[in-house]
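Read-outs: derived from the displayed coordinates by stated rules, not from any lab. As the structure is a computational prediction, the values presented were derived from the model and not from experiment. With ideal geometry, Cβ positions are generated from the backbone for all residues, glycine too; neighbour counts draw on all protein chains shown.
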Amino acid sequence: MLALILAEEQKTHPGLTAADLVAYDESVLPVLDVTVRELSTIKALRASGLVRYAEPMGYEPNRPEASRTESVLSSSGCGSNTATAGLVAGADFTVLSNGSKSSWNQADQYHGVRTAWNQSTGRGVKVVIIDSGSSDAQENLGSAFNQGLSSGRTIERLVTMPRNTIFGIPYGDAETPNDGCGHGTSMAGACAAPRGTDGAAVGMAYNASLITVRAAEDVFLDASREVKGVSDAFILAGNRADVRIISMSMGRLTSSSQMTDAIRYAYGRGKLIFCAAGTSFDWSAGLVGVIYPASLPEAVAVTGVKDNLTTRCDECHVGSDVEFTVVMQRTSVDRRPLTLAMSGDAPSTVGGSSVATASMAGLTALVWARYPTETRAQIMSRLVAASSNRSARSSSFGWGRVNVATAVGGLVN
């Protein structure tokens, strides 16, 4: 394949070598990530019987390093993960016995979370959050991850997104696991923030172990290196025998065969994969449908609903690919769930199908921790049996809300 590509490219650029073509090294998937400049090369690849797909890896323009921060902060889902002012005790959150704050949507009337905690806290289950990383300034995802009633678990902060490149040449500093967006930190908090003594918000599975992976700059996977980062993150998670659940609250409208291959790789190793159904503007969310990769059969698509239990959240996508919903919009004051801010103990809030997905991953960790010897299929059966639409799947909301207290109590139809 490299010889074919090089031959075509050298017709116009005779000084090129094979090393000039390879943008990123691959060691697991049977793919080549290459930089090509000539239409004839694309035509030759698509005509070859040896090629399963030849497609653009990303759609980003080449932009100078100086504009990257502005680009990230202006992207959907980034730049707003700071403490939320005006949160009201007893309405927006319940103060638990050790002082931590339980978000309003953890009340038993929605998902049975607080009752479920009497039987399971997620201990022994490891969740991978594929997102924009986690903040190195948030001690609840670092040195204070084990505090209060959260103990004996681990957190790893990894990065799979490669350095930026221009025509295959890396530039700028090496990427770190640190969250430059804010989205990944809020997802990690919603899933597994500790039940500590510092007054911060507690996650759904406060004793689950966590791996946060910085695979992208923001939640819209348009850049080539984001495709590479996400693909490598799924491969990493697939190769980890200690990982059971993968959660990704990012996506795009168009498909990527490379990401699909990576997701199938992880799925083939028994991982339960949750992906966000999609989040956009209020006026468009009801029109777009479930985005990629939540639309894949290997992914469990999750979306958010309002506290009336029947209406999608204002910004949430719905459709036939949705399998579960999570309550995440309190309509009376338009409040989203509590989570961890970029730093400090004062909670922030976060919405969309993003928080629904990370929360569903945490809910599932509670179930899998209760039944640690069961398979992915058996855990899915428990989730469905404890869901609001178990007798008749909805074309918009799938199996609906899971009552995790029922799921951990052993009721399976």
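Starting with the highest mean, order 138-150, 294-306, 322-334, 360-372 by the number of other Cβ atoms within 10 Å, averaged over the residues of each peptide.
360-372, 294-306, 322-334, 138-150
Per residue, how big is the convex hull of region 2-54 when only Cα atoms are used? Give it in Å³. Please report the intermediate quantities before stating the final value.
Working: hull volume 3.9 nm³, N = 53.
Taking the convex hull of the Cα positions in region 2-54, it is 74 Å³ per residue.
Give the whole-number value, in cubic angstrom per residue, of the convex hull volume spanned by the C-alpha atoms of region 192-324.
Enclosed volume per residue, from the Cα hull, is 130 Å³.
Helix 257-267: angle to the longest alpha-carbon principal axis of the chain, degrees 0 to 90, nearest 10?
40 degrees
For the chain, what relative contact order do you get, as a whole percent, if you take Cα pairs closer than 8 Å and at least 6 residues apart?
18 percent
Taking Cα centroids, how far is region 1-55 from region 104-131 in Å?
That distance is 47 Å.
Quick one: what do you get for the chain if you divide its Cα Rg by 2.2 N^0.38 Å?
0.99
State the cysteines of the chain left without a partner when partners are defined as other cysteines whose beta carbon lies under 4.7 Å away.
191, 275
Would you mind ranking 103, 255, 280 by Cβ crowding within 10 Å, fewest neighbours first?
Taking fewest neighbouring Cβ atoms as first place, the list is 255, 280, 103.
How big, on average over all directions, is the shadow cast by the Cα convex hull of region 145-244, in nm²?
Details: hull surface 29.2 nm².
The orientation-averaged projected area of the Cα hull of region 145-244 comes to 7.3 nm².
Give me the distance between the Cα centres of region 353-372 and region 218-259, rounded to whole Å.
18 Å
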